[in-house]
1. Multiply the residue gap between Leu90 and Ala399 by 0.36 nm, knock off their C-alpha separation, and tell me the result in nm, one decimal place.
2. Would you check the accessible area of His385, probe 1.4 Å, heavy atoms only, in square angstrom rounded to 10?
3. Just how many pairs of Lys in the chain have C-alpha atoms closer than 16 Å, counting pairs that are eight or more places apart or on different chains?
4. To the nearest 20 Debye, how big is the dipole of the chain about its Cα centre, given +1 on the beta carbon of each Lys and Arg and -1 on that of each Asp and Glu?
5. Return the carbon/sulfur percentage of the accessible area of the stretch 290-374, one whole number, probe 1.4 Å, all protein chains in place.
6. Under the classification rounded if a/c is under 1.5, otherwise prolate if a/b is larger than b/c and oblate if not, where does the stretch 93-195 fall, given a ≥ b ≥ c as square roots of the Cα gyration tensor eigenvalues?
7. Roughly to the nearest percent, how much of the accessible area of the stretch 132-289 is carbon and sulfur, given a 1.4 Å probe?
8. Per-residue counts of other Cβ atoms within 10 Å, averaged by peptide: what ranking do you get for 132-145, 449-462, highest first?
Amino acid sequence: MTRPRLASRDPELVDLRVLVVGLGRSGLAASRLAVARGARVRAADLRDEGALGRALEEARASGVEVLAGGHPPELAREADLIVVSPGVPLDAPLFAEARRLDVPVWGEIELASRYCRGRIIGITGSNGKSTVTSMTGTILRRAGFAGGTGGNLDVPLAELLEFDRCGAVHALELSSFQLEAIETFRADVAVIVNLTPDHLDRYASFDDYARAKQRLLETQQPEDAAVLNADDPESRRFEPALRGRPCRFSVRGPVDRGAFLRDGVLVLRTEGLDEPVLEAAALPVPGTHNVANALAAALACRLAGCEVDAIAEGLSVYRALPHRLERLGAIGDVAFWNDSKATNVDSAVCALTSFPGGTVHLILGGKDKGADWSALAAPLRRHAHRVLLVGQAAPAIRAALEGVVELIDCGTVEAAAREGLAGARPGEHVLLSPACASFDQYRSFEQRGDDFRRVFRALGGEQRRA
């Protein structure tokens with residue numbers, strides 16, 4: 001039976017034994033929150049003390065006992081609550097033992113949401129959720145709403161509670177890993193941007209991955225709003241799970257309730273009236289996929305109470321996040337684009353199709369996540385000049401795409417960038433959109449994108465000195 005003190009919306013943690021599993025940013029935030037609520041907190045991480053580095057220092061400074069080098073099942077016997085970080089799979093033996101002992105297992109967003117007084121716009125999807133989240137946050141602050149922007153995007157909800165109050169609206173990016181570990185977490189507005197195969201190195205099937213995303217809808221109430229992509233066939237599988245009021249967005253044509261593109265203008269239809277927002281051409285980020293992202297963000301904010309003028313202003317001043325189709329500049333009229341966040345095939349397709357046909361020198365590869373590389377064949381034929389292969393996935397990509405377009409083995413991002421510049425003509429593009437995780441050569445997609453930026457600057461310097 002769930003412990004009585006944990007059953008409430010605002011659980012009392014005083015003197016409870018809380019085990020936090022994983023000491024990344026969300027684990028540290030959860031640890032600090034639990035300590036602040038009076039819990040006795042231990043944190044376990046697979047890394048040894050040397051590898052934990054600053055995280056170890058921060059945890060101990062907060063009053064957390066740190067157990068480095070693993071999280072064995074017997075730790076469940078000494079916990080009243082376990083808080084799991086998103087990067088830790090829930091099929092680990094520790095959690096099986098917790099289930100056997102009826103010890104609750106929550107994610108950081110589940111813990112933090114129980115102390116949240118403001119409303120939440122929760123945003124998930126396979127591609128574009130970071131952009132939609134940051135667009136939503138920009139609009140909300142322009143509209144004068146208190147609150148924070150984060151979740152899976154940089155700042156955990158436990159840290160955003162600093163900005164929480166009655167009347168606040170928080171914009172949260174939510175990964176499938178985070179949504180696996182929710183119970184009562186509830187989004188007043190839930191947005192699923194799209195659904196394409198991803199993380200099949202962690203999930204047994206695409207269906208399992210979709211079910212994790214679906215949790216965002218299953219915890220809603222009838223007075224909440226659920227936003228789906230009318231143009232995405234896979235999103236139809238979520239229809240039976242809807243608990244909130246359904247709304248949709250589309251770049252292809254009008255919807256009964258939601259947001260759509262008409263004659264090049266973003267239009268909202270939420271109360272039976274059509275409300276023009278702004279022209280798609282005025283968006284400061286390129287690509288049809290970003291028009292869809294803007295529609296999703298505009299709709300979510302309108303449903304949260306933002307006025308149309310504030311939505312238009314927020315979208316017009318929005319600037320792309322780093323590593324998401326970010327234009328670094330040009331060298332000799334060859335443009336360089338950093339889309340390191342593109343960690344699956346569909347996101348790479350979105351980036352690739354934002355450019356004119358035959359002009360892209362695409363840097364592709366990294367750590368394979370079980371992708372279907374054949375899905376790139378048609379867009380590569382239309383838009384790519386060459387593909388520059390890097391990382392562990394290069395042999396699998398070559399096997400799937402041999403003969404579709406010229407493939408060049410480069411090995412590293414730096415070698416690929418150099419080859420891209422050497423073979424590109426004025427007016428063409430060198431695009432890092434790898435469709436892979438980064439962990440074969442980098443700690444994160446951010447580090448990979450930063451390395452690409454470093455190489456771009458070095459190449460520019462070499463050209464100026466030549």
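The values are calculated or read from the model by the stated rules, or taken from the named source; none is laboratory data. Predicted, not measured: the structure shown is a model, and the values here were computed from it. Counting neighbours? That spans all protein chains shown, and the Cβs are built from the backbone with ideal geometry, glycine included. In case anyone asks, the SASA skips ligands and DNA or RNA and just uses the protein heavy atoms, side chains included. Shrake-Rupley method; radii C 1.70, N 1.55, O 1.52, S 1.80 Å.
1. Fully extending the segment from Leu90 to Ala399 adds 107.9 nm.
2. Counting only protein heavy atoms, the figure is 60 Å².
3. So the count works out to 4.
4. Result for the chain is approximately 380 debye, rounded to the nearest 20.
5. The C+S portion of the solvent-accessible surface of the stretch 290-374 is 48 percent.
6. Oblate.
7. It is 48 percent, rounded to a whole number.
8. So the peptides 132-145, 449-462, ranked by packing, come out 132-145, 449-462.
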